[in-house]
Number of protein chains: 2
Amino acid sequence: MTDTARGTSRRYGTRPTMKDVAARAGVGLKTVSRVVNGEPGVTPDTERRVQEAITALGFRRNDSARILRKGRTASIGLVLEDLADPFYGPLNRAVEEVARSHGALLINGSSAEDPSREQELVLALCARRVDGLVIIPAADDHRYLEPEITAGIATVFVDRPAGRIDADAVLSDNFGGARDAVAHLIAHGHRRIGFIGDQPRIHTARERLRGYRAAMAAAGLPIDDSWVSLGSTAPDRVRAAATTMLDAPEPVTALFAGNNRVTVTAVRVLGERPRPVALVGFDDFELADLVRPAITVVAQDPAHMGRTAAGLLFRRLDGIEDPPRRTEIPTRLIARGSGEIPPAED
Amino acid sequence: MTDTARGTSRRYGTRPTMKDVAARAGVGLKTVSRVVNGEPGVTPDTERRVQEAITALGFRRNDSARILRKGRTASIGLVLEDLADPFYGPLNRAVEEVARSHGALLINGSSAEDPSREQELVLALCARRVDGLVIIPAADDHRYLEPEITAGIATVFVDRPAGRIDADAVLSDNFGGARDAVAHLIAHGHRRIGFIGDQPRIHTARERLRGYRAAMAAAGLPIDDSWVSLGSTAPDRVRAAATTMLDAPEPVTALFAGNNRVTVTAVRVLGERPRPVALVGFDDFELADLVRPAITVVAQDPAHMGRTAAGLLFRRLDGIEDPPRRTEIPTRLIARGSGEIPPAED
DNA sequence: CTGAAAGCGCTTACAG
DNA sequence: CTGAAAGCGCTTACAG
């Protein structure tokens, strides 16, 4: 295995092919293919000669060629919003584990919450002929995918449903979770509760708002328009929204934060204020129990969502043909302290 | 665009090819190729006919075939330890951004810190003929990659160097950062400082231990063997190690945590103890400033590491041929409170 | 047990 | 401006 030995058999930048292996071993192309793929019907002696040629030449099968011929690429695409968002980490890993267990590679990309970037990325994955797609959608119109789905690319949406097409979706119980969170605050004596959520064009934001409204209505509580603020989750925007609600003549005594990024900023804002304010966040996060007070949350189960979505995708690839289904993953309220703070005296 | 209209032109599961488009448009294959790839030399009228056929048939170029012919796949592989580890999120995103800016897709996989799984994954990516690889290595022997690198697959290691081969690497200043952390504790009066780190076979763990020793030596302080504990970062192991050091007859008065997972467990353990213990952690994390006391850390810059590594990879792909280099990214000590706690009175 | 021929869907190199 | 032929590196279908 000296450099010279390698140098004689291969130029930099070119790779040996099965044809080269066949020539060196003195056999036909098909015999090499059999050995490389572990197919039966090769005598031990022939196999050994082929293996020797493979090692000597440093041959590695070119899967691009194999894929072209076989039709299936043994790869799936995962499109999410942001590879760096901790919420998607466990989901990403779960999808990868399922892919791996099916012998498939995972092509990953993020949409940055931009519908046109989502479409560009998804269509690039389709051009690569991934076998299937797991999509956390940014767009609200997925009709551009119809020809691809018709052509056989399996597609499962996660976290948010597809827009304007009928497709499999794996969602959290956003409505029920939000309702539970707000009911929890009401049970602890709050009547003026603020909701700071994500942009209203995002399905989860709308569902969580619906849950907030349902809980308030169930308790016979009115909602002042100034208690609801949907928009960007950028810290400045969230900070401004929280401050407005807390500095009003009749301030809210509790906040319901619509997702993990809102919660983190809310924790910072509340930490700077003299009077304690109750807080329940949607989404759990790693150090929620270490902050004082510890943060009460409605936890989703992103790993469960990822496993479910990828599992469904591979069942579709195995040919299951029943109509698209919507699966809902339950959420769980975890009381840790911040959600049990009583309303401040007026 | 009714179902019937689509149904007549395409069966489920088969896709139109350039040949189909050519036939329908009444032109040659090469003309379709020109239109699809935006090459010049097609009259507007011909182009229109081809575009119509493309739309009518729902044609999308099969990049598998293109890749086979062109040689380059316009994709790179990223192998990391765990897709769900928040430390790798920003690195992952940075690599994706660079890939995207070069028109390449990102194939992602995790090694689970298992050398044989790393090798299996890397070689699968090589079989796919990714143009290049960014690897956070789990293995300590990468000679298995030599034939692939010789054959032209560019490879850059991040966070940890390659083992037994000469390859590009982008690393944090682990030694200097650890030295700074421990010197900081010494400057605040500590003489008995514990170090809880990752498994000693991991390069970063060894380098950080070296920094710890250097800082102690520079201050003329002895190190008791019982103050150093390298091993798994599982919470149970870290908890046991910390408890042993803190319950010793001459307990440590400060802890230096060797990475983000160790730090998080250390925070939990210290929060349960009566007397305050100083803590500095290697790696920053999102809520480090919200815990009380806020956590002093040596921050790495994983986004910078990812950008640097991917940038170098694409320069290699552009043909830069200088010898492999090792780039070191500086760390930064961020004092927030936990590292400035004085030693407890004996 | 073994291998020659055809073909996957494109691009390349070339000719008109 | 346009297109027929060859070929990328495999697998498939078939024959011996």
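The values are calculated or read from the model by the stated rules, or taken from the named source; none is laboratory data. Keep in mind that what you see is a predicted model, and the values were worked out from it rather than measured. In this analysis, Cβ positions are derived from the backbone assuming ideal geometry, glycine residues included, and neighbour counts consider all displayed protein chains. For the accessible areas, the whole protein counts, side chains as well, though only heavy atoms, and no ligand, DNA or RNA atoms are used. Shrake-Rupley method; radii C 1.70, N 1.55, O 1.52, S 1.80 Å.
Taking A:PHE256, is it modelled with pLDDT under 95 and within 26 Å of the chain's Cα centre (by Cα)? Taking the combined requirement at face value, the residue does not satisfy it. Scanning region B:36-58 for residues that are more than 9 Å from DNA strand D (Cβ to nearest atom) and within 41 Å of the chain's Cα centre (by Cα) yields a count of 6. The conditions of being assigned to a helix (DSSP H, G or I), of a type outside the set (D, E, K, R) and more than 18 Å from the chain's Cα centre (by Cα) are met by B:ILE149. For the criterion of being crowded, with 21+ Cβ neighbours inside 10 Å and either within 16 Å of DNA strand C (Cβ to nearest atom) or at pLDDT below 95 (or both), A:VAL156 fails.
Of the residues making up region B:290-310, those that are aliphatic (A, V, I, L, M) and closer than 28 Å to A:ALA294 by Cα are B:LEU290, B:VAL291, B:ALA294, B:ILE295, B:VAL297, B:VAL298, B:ALA299. Filtered by the rule that a residue be open to solvent by less than 60 Å² (accessible area, probe 1.4 Å) and in a helix (DSSP H, G or I), region B:24-41 gives B:ALA25, B:THR31, B:VAL32, B:SER33, B:VAL35, B:VAL36. Of the residues making up region A:86-108, those that are within 7 Å of another protein chain (Cβ to nearest Cβ) and more than 17 Å from A:ALA154 (Cα to Cα) number 5. If you check A:GLY194, A:GLY177 for being more than 26 Å from A:VAL79 (Cα to Cα), open to solvent by less than 30 Å² (accessible area, probe 1.4 Å) and not polar (S, T, N, Q), only one passes: A:GLY194.
Of all residues in region A:110-137, those satisfying the criterion of being open to solvent by 10 Å² or more (accessible area, probe 1.4 Å) and assigned to a loop (DSSP other than H, G, I, E, B) are A:ALA112, A:GLU113, A:ASP114, A:ARG128, A:ARG129, A:ASP131.
Within region A:6-17, the set of residues being open to solvent by 40 Å² or more (accessible area, probe 1.4 Å) and either modelled with pLDDT of 90 or more or among the aliphatic types (A, V, I, L, M) (or both) comprises A:THR17 only. Here B:ALA240, B:ALA217, B:ALA183 are screened, and the one residue that is more than 21 Å from B:VAL298 (Cα to Cα), part of a helix (DSSP H, G or I) and modelled with pLDDT of 95 or more is B:ALA240.
In the set (1) modelled with pLDDT under 90; (2) more than 30 Å from B:SER110 (Cα to Cα); (3) within 11 Å of DNA strand D (Cβ to nearest atom), the condition left unmet by B:LYS30 is number (1).
What are the residues in region A:299-323 that are assigned to a helix (DSSP H, G or I), of a type in the set (A, V, I, L, M) and touching a strand residue (DSSP E or B) at 6+ places or on another chain (Cβ under 8 Å), if any? Within region A:299-323, A:MET305, A:ALA309, A:ALA310, A:LEU312, A:LEU313, A:LEU317 qualify. Screening A:ILE54, A:ILE67, A:ILE107, A:ILE76 for residues that are closer than 23 Å to B:ASP63 by Cβ, touching a residue at least 12 places away in the same chain (Cβ under 8 Å) and either within 16 Å of DNA strand C (Cβ to nearest atom) or surrounded by fewer than 20 Cβ atoms within 10 Å (Cβ to Cβ) (or both) leaves exactly one candidate, A:ILE67.
Listed conditions (1) out of contact with any Leu (no Cβ under 6 Å at 6 or more places or on another chain); (2) more than 9 Å from every other protein chain (Cβ to nearest Cβ); (3) within 20 Å of A:LEU313 (Cα to Cα) are all met by A:PRO115, apart from (3).
Please work out if B:ARG336 is modelled with pLDDT of 95 or more, closer than 27 Å to A:ASP85 by Cα, more than 22 Å from the chain's Cα centre (by Cα) and open to solvent by 10 Å² or more (accessible area, probe 1.4 Å). Yes. Inspection of region B:238-253 identifies at least one residue that is away from chain A (no Cβ under 14 Å), crowded, with 20+ Cβ neighbours inside 10 Å and among the polar types (S, T, N, Q). If only residues of region A:59-74 that are within 16 Å of A:VAL21 (Cβ to Cβ) and more than 7 Å from chain B (Cβ to nearest Cβ) are counted, the one that is farthest from DNA strand D (Cβ to nearest atom) is A:PHE59.
Scanning for something closer than 22 Å to A:ARG261 by Cβ and free of Cβ contacts under 8 Å to residues at least 60 places away in the same chain, does region A:175-188 turn up at least one residue? Yes, region A:175-188 contains a residue that is closer than 22 Å to A:ARG261 by Cβ and free of Cβ contacts under 8 Å to residues at least 60 places away in the same chain. Taking A:ALA266, is it crowded, with 17+ Cβ neighbours inside 10 Å and within 13 Å of A:SER229 (Cβ to Cβ)? Against the criterion (crowded, with 17+ Cβ neighbours inside 10 Å and within 13 Å of A:SER229 (Cβ to Cβ)), A:ALA266 qualifies. Residue under question is B:ILE202, and the condition is that it be assigned by TED's automatic domain parsing to the domain that holds B:PHE256, open to solvent by less than 20 Å² (accessible area, probe 1.4 Å) and of a type outside the set (D, E, K, R); does it hold? Spelling it out, B:ILE202 is indeed assigned by TED's automatic domain parsing to the domain that holds B:PHE256, open to solvent by less than 20 Å² (accessible area, probe 1.4 Å) and of a type outside the set (D, E, K, R). For region A:291-313, state whether one or more residues are at pLDDT below 95 and either of a type in the set (Asp, Glu) or outside the structural domain of A:ALA240 (by TED's automatic domain parsing) (or both). No.
Taking A:VAL79 as the residue in question, decide whether it is outside any helix (DSSP H, G or I), in contact with a Ser or Thr (Cβ under 8 Å, 6 or more places away or on another chain) and within 14 Å of another protein chain (Cβ to nearest Cβ). Against the criterion (outside any helix (DSSP H, G or I), in contact with a Ser or Thr (Cβ under 8 Å, 6 or more places away or on another chain) and within 14 Å of another protein chain (Cβ to nearest Cβ)), A:VAL79 qualifies.
If only one of B:PRO86, B:PRO90 is part of a helix (DSSP H, G or I) and in contact with a Pro (Cβ under 6 Å, 6 or more places away or on another chain), which one is it? Testing whether each residue is part of a helix (DSSP H, G or I) and in contact with a Pro (Cβ under 6 Å, 6 or more places away or on another chain) leaves just B:PRO90. Just wondering, is there one or more residues in region B:272-279 that are in a helix (DSSP H, G or I), β-branched (Val, Ile, Thr) and not assigned by TED's automatic domain parsing to the domain that holds B:ALA151? Within region B:272-279, none of the residues are in a helix (DSSP H, G or I), β-branched (Val, Ile, Thr) and not assigned by TED's automatic domain parsing to the domain that holds B:ALA151.
Residues considered: B:ALA139, B:ALA112. Of these, the only one that is touching a helix residue (DSSP H, G or I) at 6+ places or on another chain (Cβ under 9 Å), more than 16 Å from DNA strand C (Cβ to nearest atom), on the phi < 0 side of the Ramachandran plot and not assigned by TED's automatic domain parsing to the domain that holds B:ALA22 is B:ALA139.
Look at (1) touching a residue at least 60 places away in the same chain (Cβ under 8 Å); (2) under 24 Å from the mean Cα position of the chain (by Cα) and you find that B:GLY163 fails only one, number (1).
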